[in-house]
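The structure under discussion appears below in the form of C-alpha cells.
The values are calculated or read from the model by the stated rules, or taken from the named source; none is laboratory data. Note that the coordinates shown come from a computational prediction; the quantities given were computed from them, not determined experimentally. Neighbour counts are summed over all protein chains in view; Cβ atoms, including those assigned to glycine, are modelled from backbone coordinates with ideal geometry. Heads up: the accessible areas ignore ligands, DNA and RNA and are worked out on the full protein's heavy atoms, side chains in. Shrake-Rupley method; radii C 1.70, N 1.55, O 1.52, S 1.80 Å.
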Amino acid sequence: MPHRDPRRAWLDQVICFSMFCTMRFRPSVVPRCAHMVALLLVAGGAGSTAWADEWDSRFEAEIAPLLTRNCLECHNPRQREGNLVLDRREALVTGGDSGPAIVPEHVDDSLLVERVRAGEMPPPEKEQPRPLSEADTAKLVAWISAGAPWPEGRVLDAYDATTDKRAGRDWWAWQPLAEVAPPDAPAGTHPVDAFIAARLNEAGMIPAPAADRRTLARRLYFDLIGLPPSYEQVEAFVADTAPDAYERLVDELLASPHFGERWARYWLDVARFAETCGYERDQEKPNAWKYRDWVVDAINNDLPYDRFVLEQLAGDELPDRNASTVTATGFLRMGTWNDEPNDPQEYKYERLEDLIHTTSTAFLALTVKCARCHDHKFDPIPQTDYYRLGAVFWAGHVEPRDAKFQGGPTPEELGFELCGYTDRARDPPPLHLLRKGDPTRPEQEVAPGFLSLVAALDRPIAAPPPEAPTSQRRLQLARWIVDPQNPLPARVAVNRLWQHHFGAGLVRTPDNFGFNGQRPTHPELLDWLARELIAGGWRPKRIHKLLVMSATYQQASVHPQGEQYEQRDAGNRYWWRAERQRLDAEALRDALLAASGQLDLRVGGPSFRPEISSEALEGLSMKGGAWQASPAAEQHRRSIYMFSKRSLLAPIMTVFDFCDTTQPCAQRDVTIVAPQALALMNNEFVHRASADLAAQVIESSSADFQEQVSCAWRLALARQPTAVETARAVAHMEAQSQHFASAPDARRRALESLCHVLVNCNEFLYVD
C-alpha cells in the first residue's frame, strides 16, 4: 500500500465532519468548519509540494468537473453573463459586475458560495434538477477555505470532460481507434464471431443455429444486389455441396453490376439525393442523374472510401481533376434550392447550413448544425467551429443574383456539362460568426478551419497556392476528414455497412455518434473493423465480404430460446439471432417486377418517370404539366433509376417509408401501418404486376390448377409449395373461378387473384 500522509487522513476526517454539519445542522455551520479546515491546512504544512500535488489531483477530480458542469455554460470567455468568467483562478478572484466570485480562504466573503447556498446558482432554467448538492457545496467550501488552489496554467473548458449532461473531448467516438485483436476463440473462428461470442458467453447466451441454404440464398441476394434469386439460382446453390459454395456466391454477387445499384441507394439517402429543387416550383436540376450514376460506378468499382470522400467534397480541386471527379461534387448540389427566398441574405446562411449539416452527418455522424446559433448543447462543438466549417464552403457560396442555374455553377465554370460544385471566388469575403445565428447580427470574423474535438488534427487551413483557381479549402477539409488520425470516418463507414447487413448498426444511431446517440454494442469490434477498413486500403468490398462470411451473419432469425432471450435482450444487442427485415420500397418494387418477368436490368442513364395516379396529382399547381410519365417500357427499370421529384414521389414508394429527400438520412423509418396493406391490395402497379405474374404462369405451365400453383410459387417465392399450400391454393382458385364464372376469362382471373395473394404474403415482403 502506498504511504498515506497523516495530515491528509486528518483533513479528510475534518472535511467529512464539515459535510456532516452541512447536512445535519444548518448552512451557517459550514463556514466555521471550513475555517477549521483552512487552519489545519496552514498548521499542517499545506504549502508543501506533496500537498500541492495532491490538491492538483483533487482539483481535477472534484472542483474542475463541478465548475465545468454547472457554471461554464453561462460564464465563459464568449458568454460572460454578468461579465463573469469562471475558466481560470484569476477570473474568479477578479469577478464580474457583482464583485469577486471567490475570496480565497474566506468562504463568508465569497459571492459564489452565497449564491449556491441561496439556491440561485446554478439557475433553475438551466435544467438543473435541484440546487448544487450538499456534497458538492462542501467540496466548494473546502476548496475556497484551502485558498482555492488551482494548477498552474490550467484553463477550464466546458468540453474538457464528459459529464452526465454532455460529451467532452474524452467522448468515445473521437478517441483514437483502439488497437484490439479478436478475443480468444477456437481455431478457425471468424474474427467477427469471436467478438460476438465473447459477449454472448459473458451473458450466458448462445447464438441461433445457422439458417438453411434457401434462406441464406434469399438473404444474400437481397442484401448484396437488392433483387430476389430465381428458383433455379436457389436450387443450384442448395445442390452445390462444395465447401466454398457460399463464398463463391458471395464473390459472384459482389462482382455484379447490380451490387452498386443496391448499395448506392443507401448513400443517396445520406446525400439527400433528388433531381429537383423543391419549394413551390420544384424545378429540375439538369444532369443530377449523373451524380447518381457516379455513386453506382464508385461502389461497383470498389473506389477506396477515402477517395470517395475526396471526390465528393473536392473533386474539382484534385490534381487529377476530370469529368468523373467533378461529377462527384454533385454531392454538394443535391440539396433543395429556393429561387425566390423571402430574405436572400438569410437564405445564403440556410444554404450554408445545408452544406455543413450534410457534410458533417454523412462523413462524421455529427450534428454540427446545432452550433449555428450557440455552442453545441451536448457535444464539444463550439459555435466558432460551425463557422470555421462554414468558411470552408464560403468561397463557393457567394451566390449570383439570378437563379438561372439553380444556385450552382455554370457548365463553363465547371468545365463539363454536369451538375457539380466549384468555388465562385478564389479569395472569398470574410465570414462572420452570427450572434444567435442571426444574419443581421454579425460578430467577429472566423477563419476557415476544422472541428476542434479531435485535438491532434486541430490545424489551420492554408492559403491556396498562387496558381490555384479555387480556394482549396474543401480539399483540405476532405483530407482532414480522411486523415489517419481522425477516428470518425472509418468508424462511421463500417458502422453503416454493419447496419445494412445486420439490420441495425453496432452504433444504433448511425447519423449521431455524439452524446445523444447510442454507444456501440461492441466498441472493440467497431474499432477492429475500422482498422481493417483502413488497413485494406479503404476498400469497402473487403469489409462487405468479411461481414457476410461470418457465422453471425449466417445464423437464423428464429432462436430455440427466443422467448427467454427476448426478455433479456429484446433489442438483440448481443446479436444472438439474425434480424428479420422487411423489404424497403425499392427492393419491394423491384421484386414485383422481377416476379412478373418485367424487370429491365439496364444500368445507368437518365431517370424514368413512373405512372402516377390522377388522385396523387390533386392539389398540385400546374396539374397538366406537372408530370409526364415515361413510356411503359422505361418504367420497368430498377427503382434507383426512378426520377426523384421532391414534391411528387410515387405513392408506392412513400407508403413504404421512402426517405425525406430534404435532409441526410442514414437510417430510414420502418413502419407497419394500414396504408401499406391497402396499397398492396389496391395499387394499380401491384395489380399489374400480379397480372403479369399470372401471364408468366400461363405461358410456363399447363391449365392444370396444381401445376399453375407450383409454377406461381417458383416464380414468386423461388420454391415449391408444400402439400398444404397447394391444396389451399387450388381451393382458392376454384372458389375464384366460381366467383368469376360469368366472365370468359374466369380461370385467368382466378390465377391473377392467387398471384395477388402471393405478392401480399409475408414471405414475399420479408427477408429472414
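Round to a whole number: what % of the accessible area of the chain belongs to carbon and sulfur, probe 1.4 Å? For the chain, the apolar C and S fraction of the accessible surface comes to 53 percent. Heavy-atom accessible area for W528, with the other protein chains in place and a 1.4 Å probe, reaches approximately 30 Å².
Restricting the calculation to Cα atoms, region 577-666 yields a radius of gyration followed by a Dmax of 14.4, 52 Å. Computed from backbone phi with θ = phi - 60° and the Karplus coefficients 6.51, -1.76 and 1.60, the 3J(HN,Hα) list for region 109-122 is 8, 8, 4, 4, 5, 4, 5, 5, 5, 7, x, 8, 10, x Hz; x is used for glycine and proline.
For region 319-417, a Kirkwood hydrodynamic radius built from all Cα pairs, placed in the Stokes-Einstein relation at 4 °C and 1.567 mPa s, yields a translational diffusion coefficient of 87 µm²/s.
Expressed as a fraction of 2.2 N^0.38 Å, the value expected for a compact globular protein of N residues, the C-alpha radius of gyration of region 444-585 is 1.36. In the chain, helices alone account for a calculated mean residue ellipticity at 222 nm of -14000 deg cm²/dmol, with every DSSP H run of four or more residues adding -39,500 (n - 2.57). If both residues of a DSSP beta bridge must be in the chain, then about 80% of such bridges are antiparallel. For region 635-743, the spread of Cα positions along the three principal axes, ordered from largest to smallest, is 52, 32, 27 Å.
Its convex hull of Cα atoms gives region 157-230 a direction-averaged projected area, equal to a quarter of the hull surface, of 9.4 nm². Of the listed residues M642, M121, M681, the order by accessible area with a 1.4 Å probe, largest first, is M681, M121, M642. Phi angles across region 193-199 convert, under the Karplus curve 6.51 cos²θ - 1.76 cosθ + 1.60 with θ = phi - 60°, into 3J(HN,Hα) values of 5, 5, 5, 5, 5, 4, 6 Hz, Gly and Pro given as x.
Computing FRET efficiency as 1/(1 + (r/R0)^6) for R602 and V155, where r is the C-beta to C-beta distance and R0 is 56 Å, gives about 0.35. Within region 68-195, the percentage of alpha carbon pairs spaced more than 19 angstrom apart rounds to 59%. Of the trypsin sites (Lys or Arg not before Pro) found in region 290-383, the ones in coil according to DSSP and having at most 15 other Cβ atoms within 10 Å of their Cβ are K377. Beyond 19 Å between alpha-carbons counts as too far, so tell me which of K285/K645; K369/K436; K290/K369; K348/K369; K290/K645 fall in that bin. In this structure, K290/K369 exceed 19 Å between Cα atoms. 3J(HN,Hα) along region 369-381, derived from phi through the Karplus expression 6.51 cos²θ - 1.76 cosθ + 1.60 where θ = phi - 60°, amounts to 4, 5, 9, 5, 9, 6, 4, 4, 6, 10, 10, x, 10 Hz, with x in place of Gly and Pro.
Let a ≥ b ≥ c be the square roots of the eigenvalues of the Cα gyration tensor of region 423-469; is it rounded (a/c under 1.5), or, if not, prolate (a/b larger than b/c) or oblate? Since a/c reaches 1.5 but b/c is at least a/b, the shape of region 423-469 is classed as oblate. Near T276, the amide H atoms lying under 5 Å from its own belong to K285, R646; only residues 5 or more places off or on other chains count, and H is placed 1.01 Å from N. The largest-to-smallest principal axis extents of the Cα set in region 237-357 are 68, 36, 24 Å.
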